[in-house]
1. Taking the Cα centre of the stretch 1-108 as origin, sum charge times position over the Cβ atoms of Lys and Arg (+1) and Asp and Glu (-1), and report the length of that vector in debye to the nearest 20.
2. Counting other C-beta atoms within 10 Å, which of 118, 174 has the fewest, and how do the rest follow?
3. Quick check: net charge around residue 151, other residues with Cβ under 10 Å of its Cβ, Lys/Arg +1 and Asp/Glu -1?
4. What is the sum of charges around residue 117, taking Lys and Arg as +1, Asp and Glu as -1, for the other residues whose C-beta is under 12 Å from the C-beta of residue 117?
5. Excluding same-chain pairs closer than 8 in sequence, count the lysine pairs in the chain whose Cα atoms lie under 30 Å apart.
6. Ranking request for peptides 156-166, 127-137: highest mean number of other beta-carbon atoms within 10 Å first, then the rest in descending order.
7. May I ask for the Rg/Rh ratio of the stretch 4-190, computed from Cα atoms with Rh as the Kirkwood radius, given to two decimals?
8. Going by C-beta contacts inside 10 Å, put 79, 23 in order with the fewest on the left.
Amino acid sequence: MPVKVIEEALSKGTEYGTIPIRFEVASRFRVEPMKQGLEGIRLIEEPLSPPYIKDYDDVENESPARWLKQWDTSNWGMFSAFDGAQRAGGAVIAGRTPNVNMMEGRDDLAVLWDLRVHPDYRGQSIGHQVFNAAVAWAKEGQYIELKIETQNNNVPACRFYARQGCILSSIVTHAYDEFPDEIQFIGRLKLKQ
């Protein structure tokens, strides 16, 4: 049976949150200047031993069930992929929400808030399908750019967003007080030329 992607109300956030977002961190990107000055940087993948499990839903106030309590989600979209009755993946995209720093005070910038694929369905293009649904929603909403946040320890996500055409636009060290070893990567996807 093919997977079906549908748009759902954000009030289904608790159900959406049953899709695990945890993943094994077996490597990370080290950010290394190529030379002094303006010569650029290199991202060097390095293995981690021992690997560890990262679960964004374990971070305080980050689980989908909390979003309705924290934010005005009236300009957000949520897409879920189903294999029959089983949730296989999903994506949440945020737009035009005051007081969300990621939106940079812009009304023409949408933010990919969350993307998750159930471990049983990883590697089966579910992420691609829900990402495309989020991009279509943003284009329909007249957004001109999509902003994506990930971290250097989520190598599969970094590679996934690059395959979707996202461009790494900024690297922020010390972005997370609670995770001082993680480096924030911001990607962008132009939606209109």
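1. Working: 13 positive and 18 negative charges, 12 e Å.
Dipole size: approximately 60 debye.
2. Working: 118 19, 174 11.
Lowest to highest Cβ neighbour count: 174, 118.
3. Values: positive: 28, 54; negative: 149, 181, 182.
My count for the surroundings of residue 151 gives -1.
4. On the way: positive: 22, 87, 116, 122; negative: 83, 114, 120.
The answer is +1.
5. Lysine pairs meeting the criterion: 24.
6. Details: 156-166: 16.9, 127-137: 20.8.
Ranked from most to least packed, the peptides come out as 127-137, 156-166.
7. Details: Rg = 16.5 Å, Rh = 17.3 Å.
That ratio is 0.96, to two decimals.
8. Ascending number of Cβ neighbours within 10 Å: 23, 79.
Bear in mind these aren't lab numbers, they're just calculated from the coordinates by the rules spelled out. On a predicted model such as this, the values are computed, not experimentally measured, just so you know. Methodologically, a virtual Cβ is constructed for each residue, glycine included, from the backbone with ideal geometry; neighbour enumeration extends over all protein chains shown.
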